[in-house]
Each structure stands twice: as structure tokens, then as C-alpha cells.
Amino acid sequence: MTQSRFRAVRIQQHGGPEQMQIVDVTVGEPGPGEVRIRHQACGLNFIDVYQREGVYQLPMPAQLGMEGAGVIEAVGAGVTHLKVGDRAAYASQPPGAYCDVRVMPAKCVCKLPDNISFETGAAMMLKGLTAQYLLNKTRPVEGLQPGDHVLFHAAAGGVGLIACQWARALGLQLIGTAGSDTKCALAKANGAAHVINYNTEDFVARVKDITGGKGVKVVYDSVGKDTWDKSLDCLRPFGLMASFGNSSGVVPPFAPGALAAKGSIYVTRQTLFTHIATRESTQAMADDLFAMVGSGKVQIHIAQRYPLEQVQQAHRDLEARKTTGSTILTL
């Protein structure tokens with residue numbers, strides 16, 4: 001069995017960015033159902049922060065990172081959709097993408113089309129697949145039709161900018177919120193029909209004004225604690241509150257009776273990894289994403305690049321909301 005030493009980002013305990021250290025690791029051969037991939041780049045996401053801090057607990061020591069792109073170096077028994085030399089990209093459990101080379105389950109690794117670069121592949125898989133399942137699978141009970149209004153928080157972030165473009169392609173009127181006029185302008189330029197700076201405007205009042213007092217059919221919210229209560233007030237009767245993150249903190253417990261009082265509304269807490277639980281569903285969603293990006297209807301904006309050695313600073317900037325679009329670590 002061939003074994004070599006490579007760099008990886010590891011934490012020994014949950015905590016701040018300083019817990020992340022670059023260490024040498026040994027990488028061997030893939031077992032059944034696994035591949036070995038040499039990364040060209042890997043993506044940075046808020047779930048990495050949650051895992052580092054311990055909001056999502058990991059067994060220690062732990063490696064971080066949930067998405068990457070590179071070249072397949074070896075294929076284990078039973079893997080038929082990939083071969084040595086294939087360009088590939090993924091969003092996948094378990095964490096560990098912050099590294100040069102890794103052995104990992106092949107199930108969620110997809111062949112990357114030749115017309116999509118490694119950097120774009122690394123920047124888009126987790127965020128793009130998230131936008132895909134939100135807009136196509138996480139829909140209100142009354143459905144979504146062209147012309148319908150939806151509210152999307154953090155619209156200038158990695159998922160948000162993809163969602164703005166994807167919603168435009170679907171004919172939806174996306175109302176995007178962001179924390180500065182610059183970020184609002186970025187969301188508008190990428191397809192948001194309306195934008196709201198939640199630091200200077202009451203987004204509930206603006207949503208009601210935009211929708212003629214009706215409210216939206218669905219709110220897509222990755223912010224969590226800071227936007228939760230007001231988001232519920234933006235929904236029309238039978239509307240859907242789709243929570244998929246908590247960048248501002250975990251939403252506290254709430255009384256189900258409040259959902260009745262606000263119009264018999266629905267609440268769901270989504271995670272990408274339920275949607276990509278099988279090889280078939282992963283590939284179908286990836287094919288949809290690849291088609292949208294390949295067609296030019298969705299462009300992946302990589303606004304920040306950090307070498308692996310600057311991973312601590314990358315996390316600090318992400319948590320301070322200094323980033324827009326997608327961020328990658330280069331190798």
C-alpha cells in the first residue's frame with residue numbers, strides 16, 4: 001500500500017480560529033466505496049465554523065472542510081462512476097476537505113465537467129447544491145410559480161448570490177436582504193428583484209410594501225436567531241419558513257401555537273446532507289447545478305482566495321461578515 005505525507009488542517013478541540021493548525025498526515029489507498037482525490041482547491045462555508053466552534057460536535061481530533069475539487073488518484077473496489085484521472089468535485093460528509101489529498105467516500109463525489117474550472121467546482125458544490133434543493137425541493141404547500149415573491153436572507157453570500165441568479169432563471173421575484181448597501185447592490189446585480197439593507201430598514205415593512213401587504217410564500221433563512229421572529233411576520237397564510245443555517249446563533253425554542261396565530265404557517269429545518277444521502281440523488285442535483293452553471297444562467301463569484309496557510313484569517317473574515325460570494329482555499 002502506498003502511503004505519503006500531506007498537509008491537512010486539524011483541530012484538537014472546539015473553539016476559535018486559533019484551534020486550526022496545519023499538520024502532516026499520512027494518506028493511504030482507498031478502500032471499498034472510496035476514492036483518493038488530490039485537491040486543487042477547497043471551499044469555505046459557515047458549516048465549517050459551526051463544526052470548529054462545536055455548534056455541530058465532531059469527534060476529536062477533527063479535520064475541517066466540506067467541499068473541494070481536484071483529480072482522482074485512486075479508486076476503491078465497487079466505485080464505477082469515477083476513474084483515475086477524472087476531474088471531480090464534491091460536497092460531502094465526513095469533514096476533511098482542508099487538505100492536499102484525502103481518502104473519502106465516493107458516493108457524493110461527482111465528475112466535474114470540463115467547462116467548469118477546479119476553483120469554480122470547489123466554490124460551488126455545497127453552496128450550489130444548497131440553492132438547488134432550496135428553490136427546487138423546499139417549497140411551500142401551495143407551490144411556487146413564476147412571479148411569486150420569496151425572501152432570501154444573506155443574499156450577497158455564497159449561497160445567496162447563486163440563489164439570486166437561480167430564482168431569476170425560474171421567474172421568481174426574489175427579495176434579498178444584506179447588511180450593507182454594497183452587498184445589496186451585489187445581490188441586485190445578480191438577479192434579486194428587490195433588496196433590503198436590514199441594518200437601515202425594517203425588512204418586514206419593506207416586504208409587506210413590495211408584496212402589496214400579502215407577504216411572501218417562503219422565507220429562506222441561514223441567519224437564524226437575529227432574523228427568525230421577523231421572518232415569520234413576512235409570510236402569507238400557509239407560507240413556509242425554511243431554515244437552513246444559524247450564522248447569527250441558534251434559534252431559541254418557540255411555541256407551535258405561534259405558527260397558527262401567524263396564518264397556519266409551516267416551518268422546516270433543512271440540511272443538504274439529507275438531500276444528497278444517495279448516489280442517485282447527489283448526481284441528479286449535481287447535474288442540475290452543472291447545467292445551470294454551464295449555461296451561464298448561474299455564475300459562481302469567487303470573491304476571496306486564501307492560501308491554506310491563511311485558513312485562520314479566512315475564518316475570521318467569514319465570521320466578521322467581511323466576505324461576499326464564495327471563498328476558496330488554494331493549495
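The values are calculated or read from the model by the stated rules, or taken from the named source; none is laboratory data. Remember, it's a predicted structure, so these values are computed and weren't measured experimentally. For neighbour counting, all protein chains shown are included, and Cβ atoms are generated from backbone atoms with ideal geometry for every residue, glycine included.
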(message) Within segment 200-224, take every residue that is in contact with a helix residue (DSSP H, G or I) (Cβ under 9 Å, 6 or more places away or on another chain) and part of a loop (DSSP other than H, G, I, E, B) and give me the one that is surrounded by the fewest Cβ atoms within 10 Å (Cβ to Cβ).
(response) T200
(message) Take T177 and tell me if it is out of contact with any Gly (no Cβ under 8 Å at 6 or more places or on another chain) and either aromatic (F, W, Y) or outside any strand (DSSP E or B) (or both).
(response) no
(message) Can you go through A169, A193, A189 and tell me which one is free of Cβ contacts under 8 Å to residues at least 12 places away in the same chain and surrounded by fewer than 24 Cβ atoms within 10 Å (Cβ to Cβ)?
(response) A189
(request) Return the residue satisfying two criteria in turn: it lies in segment 244-273 and is modelled with pLDDT under 95 and among the polar types (S, T, N, Q), and of such residues it is surrounded by the fewest Cβ atoms within 10 Å (Cβ to Cβ). (result) T271
(message) Return the residues of segment 24-54 that are among the β-branched types (V, I, T) and either surrounded by 14 or more Cβ atoms within 10 Å (Cβ to Cβ) or at positive phi (or both); say none if nothing qualifies.
(response) V25, V27, V35, I37, I47, V49
(request) Starting from segment 9-27, take each residue that is within 13 Å of R316 (Cβ to Cβ) and list its partners that are of a type in the set (A, V, I, L, M, F, W, C), counting only C-beta distances under 9 angstrom and pairs at least six apart or across chains. (result) P17/V49; P17/V311; P17/A314; Q19/I11; M20/V9; M20/I11; M20/L64; M20/V311
(request) For A77, work out the one condition from (1) in contact with a Pro (Cβ under 8 Å, 6 or more places away or on another chain); (2) surrounded by 20 or more Cβ atoms within 10 Å (Cβ to Cβ) it doesn't fulfil. (result) (2)
(request) Please state which one of A303, A291 is within 17 Å of the chain's Cα centre (by Cα) and outside the structural domain of S180 (by TED's automatic domain parsing). (result) A303
